[in-house]
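Structure, as structure tokens:
The values are calculated or read from the model by the stated rules, or taken from the named source; none is laboratory data. A quick note: this is a predicted structure, and the numbers were derived from the prediction, not measured. Here the Cβ is made from the backbone with ideal geometry for all residues, glycine too, and neighbour counts use every protein chain on show.
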Amino acid sequence: VSRFYIPTFILLLLVIEGTLFQLVTPYQHNIDVTIVPRFIVVMLVFIGIHFGRYSSIVYGLIFGLVYDIVYTQFLGVYMFGFGFVGYAFAYTYKLVQDSLLLHLLFVTLAVSIFEYYQYGLYRLIGITDLSAVLFFHERFLPGLVLNIAFAILVYFPVKKLFQFVEKQASLRQR
Amino acid sequence: MLDLEESLHDYLMRSAVVIQRSPDRWTEYIGLNKGSEDGIEPNMGVIDSKGGLIGKVKQVSEFSSRIQLLSDNDRTNRVSAMIMMDQPEYGFIEGYDEDTGLLIMRKIDFEADIEEGQMVTTSGKGGVYPSGLLIGEVVRVEPDEYGLTQNAFIEPAADFYALDYVYIIERTSTTMGPELLEEETS
């Protein structure tokens, strides 16, 4: 059963991003800030660090596809983005695995790259006409703060979960 | 009395619940819990529980549908609207000013005398929405950039960010068939 814990957790995050989270952060006209949750990107970085490149790419592609189907109307934007994050942030070194700071550094990098990838693409095909300066202040910084906060919040529980899943898997092999 | 059986006001209403919203706020879409099994089809209008128009059905699957809000920044997102006065003035809702939260109504006759506080409703002449759905009220009028028509800024009656229960509007009056709308190609 334990092998389903991580996919279930990520699926839960995917649902929360589109439903509960939208109720927590209502839009207000007097504050020009749009906070976008990127919980799945955070989880992909964690999986990449602890389980390696193969796992994080597979998770990224599958959940990217689900995200595309459920939340957007162009297939592929999230699938490629999540897949790329899974590919690029798989540093399975002991040094990285033990350090909260390095986790946060990679989360910061991954969320930044993903946000700018998506902004660039949407600017290119004309979905948004937000200027780069405004994007940086109104979307990028607030979103980054939120996602780093989320990463700190789930760091220890997720590590416990990963250790538990790994232990169960090694027990199964015996 | 004239015995007119059909008018552009005719519509059917179905209630629905908002179940999700696009997490990246690049596009303004929401998801509803009614789909093709409940008779929902693309291009039906959607109003909120207080009666203000919020958008139209864009995609339908079996048990859910996706609604494009009026605030979505898409060039094809237009509504044929009219300003309610003795002699209604027609125009198009095209675009949304994110800074002020106002809808922009363009292509209004330059001669038209538009005052603040006048009600704006759908005209029904776009073939998508029935006539008479409330959109909002005029806040400000200014000439457009070429000085040929006027632009009106409209305070929407619906709050696009506090949606829970909505109604899906099915226009029952006839619309022109696609073969009639097509230009002659031969």
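Being under 21 Å from A:A149 (Cβ atoms), of a type in the set (V, I, T), facing another protein chain (nearest Cβ under 9 Å) and buried (at least 16 other Cβ atoms within 10 Å of the Cβ) narrows it down to one of A:V36, A:V70, so name that one.
A:V36
Restrict the check to segment B:7-14 and report whether at least one residue is of a type in the set (D, E), closer than 25 Å to A:F21 by Cβ and more than 12 Å from the chain's Cα centre (by Cα).
no
Consider segment B:88-100. How many of its residues are in a loop (DSSP other than H, G, I, E, B) and closer than 17 Å to A:T128 by Cβ?
2
What's the number of the condition B:Y161 fails, among (1) part of a loop (DSSP other than H, G, I, E, B); (2) surrounded by 14 or more Cβ atoms within 10 Å (Cβ to Cβ); (3) at pLDDT 85 or above?
Answer for B:Y161: the failing condition is (3).
Among the residues of segment A:89-127, write down those that are surrounded by fewer than 19 Cβ atoms within 10 Å (Cβ to Cβ), in contact (Cβ under 8 Å) with a residue 24 or more places away in the chain and closer than 13 Å to A:I47 by Cα.
Within segment A:89-127, A:Y91, A:T92, A:V96, A:Q97 meet the criteria.
Is it the case that segment A:130-140 has a residue that's surrounded by 16 or more Cβ atoms within 10 Å (Cβ to Cβ), among the hydrophobic types (A, V, I, L, M, F, W, C), more than 14 Å from chain B (Cβ to nearest Cβ) and in a helix (DSSP H, G or I)?
No.
Considering only segment B:122-167, how many residues are of a type in the set (A, V, I, L, M, F, W, C) and away from chain A (no Cβ under 14 Å)?
Here the count works out to 11.
Given the options B:V166, B:V139, name the one that is at pLDDT 90 or above, over 13 Å from the mean Cα position of the chain (by Cα), in a strand (DSSP E or B) and crowded, with 19+ Cβ neighbours inside 10 Å.
B:V166
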